[in-house]
Amino acid sequence: MVCLLNRSLILSANPPYSPVQKSQTIITLTLTPSPISLAVDSTRKFTVVGKDANGNVVTVVPIWSVVGNGGAIDSTGLFKASRVAGTYTDAVKVTSGSVSTTASVTVNPGPLEILTLTPGTATLASGGIQQFSATGKDAYGNVITVVPTWSVQSGGGTINSSTGMYTRSDGFCFEIGKTARLKTFRRRRDRASNRRPWDEGRRSVTSTTTVTWTCS
């Protein structure tokens, strides 16, 4: 005899699993890098990350723009700095929907190209003195702080090598020159990327002026 026992099987289970749904609504945008510092006429790529109210990363379709005269930016976030050095607050702006954020940009002068001596000429009596100064500029006219080394090019007086104070020697009555030499930055091209990063190195820029004596 075969007996079949009919049992009722009761299963206990948790309610069906419901995954947490992402909001897809952008609440915050984060720009990288921010802030940035770069040389005149150079480029830097920006990226942006959007997050929802729960901190989840969501897809962003950014609209890029530049506020003011700090430079220009294309649709990919590639920024090109202005040729005018300065600090540009909140210069780069990115917007997605109703949410936006900004990054400040500092544009630094390029390498030294021009050295101007003041005064350009001077006339001194016997034993006279003259204070000279030097102003450095990059290729776009941005002023650069320089620390010149002063020297007399051809006899007839002396100059303080660090201060630029010139003293005429007694008994001379002819024209001399003065030269300023200093170290600054040089420009190097990165062939692989065709970019032009500014590289610290040794570079000498020389300028001269003339001192004329009165015979007294």
Taking into account only those residues within segment 84-118 that are assigned to a strand (DSSP E or B) and of a type in the set (D, E, K, R), which is farthest from Thr167 (Cα to Cα)?
Lys93
Subset tally (residues that are touching a Gly at 6+ places or on another chain (Cβ under 7 Å) and at pLDDT 95 or above) for segment 97-114:
2
Filter pass, Thr123 being without any contact (Cβ under 8 Å) to a residue 24 or more places away in the chain, closer than 30 Å to Arg168 by Cα and polar (S, T, N, Q):
no
Long-range neighbours under 8 Å by Cβ, at least six apart or interchain, first residue without any contact (Cβ under 8 Å) to a residue 60 or more places away in the chain and of a type in the set (Phe, Trp, Tyr) within segment 25-52, second loosely packed, with under 15 Cβ neighbours inside 10 Å and in a strand (DSSP E or B)
Phe46/Thr32; Phe46/Leu78
For segment 74-115, name all the residues that are surrounded by fewer than 18 Cβ atoms within 10 Å (Cβ to Cβ) and free of Cβ contacts under 8 Å to residues at least 24 places away in the same chain.
Asp74, Ser75, Gly86, Thr87, Thr89, Asp90, Ser98
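Being surrounded by fewer than 13 Cβ atoms within 10 Å (Cβ to Cβ) and either among the hydroxyl-bearing types (Ser, Thr, Tyr) or at positive phi (or both) narrows it down to one residue among Thr118, Thr135; which is it?
Result: Thr118 is the single residue among Thr118, Thr135 that is surrounded by fewer than 13 Cβ atoms within 10 Å (Cβ to Cβ) and either among the hydroxyl-bearing types (Ser, Thr, Tyr) or at positive phi (or both).
The values are calculated or read from the model by the stated rules, or taken from the named source; none is laboratory data. Quick caveat: nothing in here was measured; it's all calculated off a predicted structure. Quick reminder, even Gly has a Cβ in these numbers, built from the backbone with ideal geometry, and neighbours come from all protein chains shown.
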